[in-house]
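A.B. asks: Below you will find the structure I want to go over with you.
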Amino acid sequence: MQISPATMKNIDHAANLILKGGLVAFPTETVYGIGAIASNKNAINRIYSIKGRPKKNPLIVHIHSIDQVSTIVKCDDNKISIIMEKFWPGPLTLVMEYKSSSLIHANARANLNTIAVRIPSNPIAMRLLKKVNRPIIAPSANTSEHLSPTKANHVNQDLGDKLNNQTDMILDGGNCKIGIESTVLDVTKNQVKVLRPGGFNIIKIKRYIKNIKSDHIENNNKPSSPGQFKKHYSPRASLRLNAQKPLNNEAWLGFGPDKIDLNCKFKMNLSKSGNLNEAARNLFSMLRSLDKKNIDTIAIKSIPNRGIGLAINDRLIRGASK
Ligand code: TXA
Ligand code: MG
């Protein structure tokens, strides 16, 4: 599939393709998404089919303005409105109660009575959303269970064969700034829950909502978010986590200064200076590169479990699970 630079002209063309029922891959600040108009059943079914995604795993709806929220969900909780005002656009997805008059197709919601909503901050995504001016459904633009895409080329590697140059488009907006998916928060009940740790640090909202429960990694067998099954974000190679050094024939993915002598053939470093934001930005891309080397195991240095490190470790634990 041809990759198109995200010029104004191409973004506007992409908007027309989406309105006609096509699929468009576009960058967000987190990862690339594959978007379709939220009311179009065929386009939504195609998204599930090209990703190989189970139909019971619902998709996120993307909008450009808080004014659109009330057309999609019921939300009369003042503290949630404050959170939207303060932290959107940004890498934060809110699961809310679905409004039956909204035009989001049931298949996009996996027939649930809740729906996940976000306003992305990437200017290309924003222009596309404004041009289309209707909600866009967009999961990450990768094959289901594989590593998420942070470059246009990753999208092409996973989905290129299943897209059509006439009806669909891949917009290239360079590398994603955050590199890890949005934080998903369920705000449908009094007890707010983190369904997926991600690019948004929930410490920022603890002023507004005191008691937030983590409901991801520990509840893997009975996840409240359909997407939080244990195996996910998986490369072909096995991952060996919290490694001190690579063993024979392993590839190495470091973090922080490489103090030991690394005499392995394939080695990369998420962030030599030990910067967690840099590590998040590099994570999926470096795992994809090492995975191409045809090795059995990638050994990975331990990553501090704080800030965006929580999201990195969540992805690594799922990626290591077979
Ligand atoms: O950063 C992101 O969120 C990216 C970009 C493209 O926006 N999108 C993304 O979408 O990661 P996806 O489909 O790969 O992940 C959506 C997650 C899944 O874990 C899904 O189960 C969860 O959100 N989700 C969606 N709707 C839900 C709902 N109604 N209740 C609970 N979880 C929901
Ligand atoms: Mg995904």
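A.B. asks: Treat each spin label as a single point 7 Å out from the Cα along the C-beta direction, and report the residue 203 to residue 39 distance in nm.
C.D. replies: 4.4 nm
A.B. asks: At a Cα cut-off below 16 Å, give the lysines reachable from residue 86, other chains included and same-chain residues fewer than 8 away excluded.
C.D. replies: 204, 206
A.B. asks: Could I ask something else about it? Once phi is turned into θ = phi - 60°, what whole-Hz ³J(HN,Hα) does the Karplus curve with 6.51, -1.76 and 1.60 give for every residue of the range 262-277, x standing for Gly and Pro?
C.D. replies: 9, 9, 9, 6, 10, 9, 9, 9, 5, 6, 5, 8, x, 8, 5, 5
A.B. asks: Okay, next question. Which percent, nearest 5, of DSSP beta bridges in the chain are antiparallel? Please report the intermediate quantities before stating the final value.
C.D. replies: Numbers: 17 of 41 bridges.
If we restrict to bridges inside the chain, about 40 percent are antiparallel.
A.B. asks: If the chain between residue 144 and residue 97 were fully stretched, how many nm would it gain, using 0.36 nm times the residue separation less the Cα-Cα distance? Write down the numbers at each step before the final one.
C.D. replies: Values: separation 47, 0.36 × 47 = 16.92 nm, distance 2.55 nm.
Stretched fully, the residue 144-residue 97 segment lengthens by 14.4 nm.
A.B. asks: Given Cα pairs under 8 Å that are at least 6 residues apart, what percent is the relative contact order of the range 3-214? Intermediate values should be presented prior to the final figure.
C.D. replies: On the way: 464 pairs, mean separation 67.3, N = 212.
Result for the range 3-214 is 32 percent.
A.B. asks: Follow-up. Just tell me which lysines come within less than 28 Å, Cα to Cα, of residue 20; anything on the same chain fewer than 8 places away is out.
C.D. replies: Straight-distance partners of residue 20: 9, 41, 51, 55, 56, 99, 130, 131, 151, 162.
A.B. asks: Tell me which of 192, 93, 83 sits at the most positive position along the dipole axis of the chain, charges placed on C-beta atoms (Lys, Arg +1; Asp, Glu -1).
C.D. replies: Towards the positive end, the residue furthest out is 192.
A.B. asks: Provide the solvent-accessible area of residue 32, counting protein heavy atoms only and rolling a 1.4 Å probe, rounded to the nearest 10 Å².
C.D. replies: Ignoring ligands and nucleic acids, residue 32 comes out at about 0 Å².
A.B. asks: Right, another one. Please find the FRET efficiency linking residue 2 to residue 210, where r is the Cβ-Cβ separation and R0 is fixed at 56 Å, and quote it to the nearest 0.05.
C.D. replies: Numbers: r = 50 Å, r/R0 = 0.89.
Efficiency for this residue pair is about 0.65.
A.B. asks: Hey, can you grab everything whose amide H is under 5 Å from the amide H of residue 25? Only 5+ residues off in sequence or another chain; H modelled, so Pro and N-termini drop out.
C.D. replies: It is 35, 169, 170, 171, by chain and number.
A.B. asks: Quick one: the Cα spread of the chain along its three principal axes, in angstroms, biggest first?
C.D. replies: Taking max minus min along each principal axis of the Cα atoms, the chain gives 60, 49, 33 Å.
A.B. asks: Can you run phi through the Karplus equation (6.51, -1.76, 1.60; θ = phi - 60°) for the range 49-60 and list ³J(HN,Hα) in whole Hz, with x for Gly and Pro?
C.D. replies: Those phi angles translate into 5, 5, 7, x, 8, x, 5, 7, 9, x, 9, 8 Hz.
A.B. asks: How large a share of the accessible area of the chain, in percent, is made up of carbon and sulfur atoms when the probe is 1.4 Å and the other protein chains stay in place?
C.D. replies: Working: 6770 of 14500 Å².
C and S atoms contribute 47 percent here.
A.B. asks: Could I ask something else about it? Per DSSP H run of n ≥ 4, the term is -39500 (n - 2.57); total these for the chain, divide by its residue number, and report the mean residue ellipticity at 222 nm rounded to 500 deg cm²/dmol. If you can, show how the numbers build up before the last one.
C.D. replies: Values: 8 runs with 83 residues, N = 322.
Value at 222 nm, helices only, nearest 500: -7500 deg cm²/dmol.
A.B. asks: Using 0.36 nm times the number of residues separating residue 175 and residue 322, minus their current alpha carbon distance, what extension gain do you get? Kindly include the intermediate steps, with their values, before the conclusion.
C.D. replies: Values: separation 147, 0.36 × 147 = 52.92 nm, distance 2.84 nm.
Net length gain for the segment: 50.1 nm.
A.B. asks: Calculated FRET efficiency, residue 16 and residue 55, Cβ-Cβ r, R0 30 Å, to nearest 0.05?
C.D. replies: Working: r = 28 Å, r/R0 = 0.94.
Taking R0 as 30 Å, the efficiency between residue 16 and residue 55 is 0.60.
A.B. asks: Under 5 Å between amide H atoms, partner at least 5 residues away or on a different chain: which partners does residue 266 have, H built in plane at 1.01 Å?
C.D. replies: The list, which skips near neighbours in sequence, is 252.
A.B. asks: At 1.4 Å probe radius, can you tell me the per residue accessible area of the range 3-214 in Å²?
C.D. replies: On the way: 8800 Å² over 212 residues.
Spelled out: the 1.4 Å probe surface of the range 3-214, per residue, equals 42 Å².
A.B. asks: Enter the Cα centre distance for the pair the range 267-307 and the range 59-80, rounded to the nearest angstrom.
C.D. replies: Result: 35 Å between the Cα centres.
A.B. asks: Work out the FRET efficiency for residue 249 and residue 162 from their Cβ-Cβ distance, taking R0 = 25 Å, and round it to the nearest 0.05.
C.D. replies: Values: r = 34 Å, r/R0 = 1.35.
Rounded to the nearest 0.05, the efficiency is 0.15.
A.B. asks: So if I place +1 on the C-beta of Lys and Arg and -1 on the C-beta of Asp and Glu, and nothing else carries charge, what would the dipole magnitude of the chain be about its Cα centre? I want it in debye, nearest 20. Before the final figure, lay out the partial values.
C.D. replies: Numbers: 48 positive and 23 negative charges, 81 e Å.
In total the dipole reaches around 400 debye.
A.B. asks: Hey, what do the phi angles of the range 194-203 turn into as Karplus ³J(HN,Hα) couplings, whole Hz, using 6.51/-1.76/1.60 and θ = phi - 60°, x for Gly and Pro?
C.D. replies: 8, 8, 8, x, x, x, 9, 7, 5, 4
The values are calculated or read from the model by the stated rules, or taken from the named source; none is laboratory data. Quick caveat: nothing in here was measured; it's all calculated off a predicted structure. When we count neighbours, we look across all protein chains shown, and the Cβ atoms used for this are built from the backbone with ideal geometry, even at glycine. All accessible areas refer to the heavy atoms of the entire protein, side chains included, with ligands and DNA or RNA removed. Shrake-Rupley method; radii C 1.70, N 1.55, O 1.52, S 1.80 Å.
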